[in-house]
Every structure is written in structure tokens, then in C-alpha cells.
Amino acid sequence: MLHIHSTNAVSAWRETLLSLMLSGSGTDNTKYYRDDFVVIELEQPSIEPLDSLFPMVQTDIDTINQYIVSGENEKSVVHEWTKLYYHRMFDQPHSQIEFILEKLSLPEPVGEAQMSLWDKSIDQSQLISPCTSIIWARKKRNRLELHVHAHSSDAYKKLLMNMQEFIAIQYYLTERLNITVGKYFHVIDSCHIHGEDLQACLDVLGQLSLKIV
């Protein structure tokens, strides 16, 4: 298990990638070079410009972060899973966003303040199914703490994007509730580096003047 404790998503992405490369678990397959259980804890989650080493352009992540809370400009969203997340959270009837807001508006904390992004009646037979399965939230000292649980995440190509889009959800909820943003936790059962991305990750380490021992 790797525990990444950082300030924001950009620094956490870099720390997670480095930790996986340098001390993450090896695998018994050719699909993943590294694969480990990872818990990321952010003290001050926010939406920052992308790390220059992250393999995605800023305009694409900006479109995703706006879409995930508004549903706007869906045709321009480059990540199909993001579209799935948006519809699972916001679609009526029984909008999960409205449900979690209702639970978070109660004066006392409740464990039911969650959204499930997995639908067994659909996802068991689909090529594209949610990697993120549960979003859970609570109010703590008038701050909104968000927990995001994913069964898997591509640490090199997707992790920073995933953290930012769900931090966008955290900010959306706080605005609706009129409270401030608290800690953000991202739990990943299989946080991995694909074998095909090994050289790209080694290049990242090279730019950071680090080497795998």
C-alpha cells in the first residue's frame, strides 16, 4: 500500500507516479509494470493548471472539469468515462447529486451521503464501465470532505484528470451547500502503470533527475 499525503492534485499526481515507479509492487503479468493499492490525501484540493509532464492538453481537462458539473459541450469531452460519470450522477429520475445534497443538508452527519456509479444491470456486460465506483461525502467543521473510491486508475495517463474532475464535483457541492472545501481522499484498489508506458514514465523520472535503483 502507498499513502500519498500532499497539498493538491498536481503535486499528488507526481508523488504517486514516483512512488509507484520507485517502490510500487511489481506484477506477475505483462499488462502492468507496477500495480499497487494507493490512498491519496489532499489537504487543499483545488483545480490547478496541469503538470507539464502529464500527457494531456489543458484545453481537454478544462472541458472535462466544466462538463462534469454542467453537462455542457459533451461532444468535446475526450474521455468517455467522464460522460458516464456525469449521467450517473446527474440524470433524472432519482438524481444522485440531488440525493447527496439532500443528505448533506441535514444537521447531523449521515452515512448515506454517497453516489454509486456502478449499475449492475448495465455495467457487467459493457466495454466501458465505471472505474470510479463510489463517491462519499461528509461535512466536518463546516467543510465538505470528499472520498472517491476507484477500483482502478492509470497512474500515468488518467490519475490527475480523475482527481481534478472529482475535485470539480467537490467544489460544486460546496457551492450548493454554501460551505467551504475540506480534505479530498482518492482510494484506488489498483493504481497501475501500463507496461507500454514504462519508457514514458522513465522519461518523467529522467526529467526529475531520478533513477530506478
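The values are calculated or read from the model by the stated rules, or taken from the named source; none is laboratory data. None of these values were measured; they are calculated from a predicted model. A quick note on method: Cβ atoms are made from the backbone with ideal geometry, for glycine too, and the neighbour counts reach across all protein chains shown. The protein model used for the area step is the full one, side chains on, heavy atoms only, and it has no ligands, DNA or RNA in it. Shrake-Rupley method; radii C 1.70, N 1.55, O 1.52, S 1.80 Å.
Every listed requirement among (1) modelled with pLDDT under 95; (2) over 20 Å from GLN164 (Cα atoms); (3) in contact with a Lys or Arg (Cβ under 8 Å, 6 or more places away or on another chain); (4) not β-branched (Val, Ile, Thr) is met by ASP51 save one, (2).
The number of residues in the stretch 104-147 that are of a type in the set (Gly, Ala, Ser) and part of a loop (DSSP other than H, G, I, E, B) comes to 5.
Determine, yes or no, whether SER6 is of a type in the set (S, T, N, Q), open to solvent by 30 Å² or more (accessible area, probe 1.4 Å) and modelled with pLDDT of 95 or more. If you could, list the steps in order and put the result at the bottom.
Numbers: of a type in the set (S, T, N, Q): yes; open to solvent by 30 Å² or more (accessible area, probe 1.4 Å): no; modelled with pLDDT of 95 or more: yes.
It is false that SER6 is of a type in the set (S, T, N, Q), open to solvent by 30 Å² or more (accessible area, probe 1.4 Å) and modelled with pLDDT of 95 or more.
Checking ILE68, ILE47, ILE61 one by one, the residue that is touching a Ser or Thr at 6+ places or on another chain (Cβ under 9 Å) and hydrophobic (A, V, I, L, M, F, W, C) is ILE68 and no other.
If you check GLU98 against the conditions, is it over 20 Å from the mean Cα position of the chain (by Cα), open to solvent by 40 Å² or more (accessible area, probe 1.4 Å) and modelled with pLDDT under 95? Judged against the criteria, GLU98 is not a match.
Of all residue pairs spaced 6 or more apart or on separate chains, those with beta-carbon atoms under 7 Å, a first member in the stretch 154-170 that is in contact (Cβ under 8 Å) with a residue 60 or more places away in the chain and open to solvent by 10 Å² or more (accessible area, probe 1.4 Å) and a second member that is of a type in the set (Val, Ile, Thr) and in a loop (DSSP other than H, G, I, E, B) are ALA168/ILE47. Restricting THR174, THR180 to those that are exposed (fewer than 15 other Cβ atoms within 10 Å of the Cβ) and in contact (Cβ under 8 Å) with a residue 12 or more places away in the chain reduces the list to THR180.
Going by what's in this entry, would LEU146 be described as surrounded by 17 or more Cβ atoms within 10 Å (Cβ to Cβ) and under 10 Å from the mean Cα position of the chain (by Cα)? Judged against the criteria, LEU146 is not a match.
A quick yes/no check of all residues on (1) part of a strand (DSSP E or B); (2) farther than 20 Å from ILE188 by Cβ:
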site: HIS3; (1), (2): yes, no
site: LEU22; (1), (2): no, no
site: ASP35; (1), (2): yes, no
site: GLU41; (1), (2): yes, no
site: PRO49; (1), (2): no, yes
site: LYS83; (1), (2): no, yes
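Looking only at residues in the stretch 106-122 that are over 19 Å from ILE68 (Cβ atoms) and open to solvent by less than 80 Å² (accessible area, probe 1.4 Å), the one that is farthest from the chain's Cα centre (by Cα) is LEU106.
Looking across LEU101, LEU160, one residue alone is more than 25 Å from VAL38 (Cα to Cα) and hydrophobic (A, V, I, L, M, F, W, C). It is LEU101.
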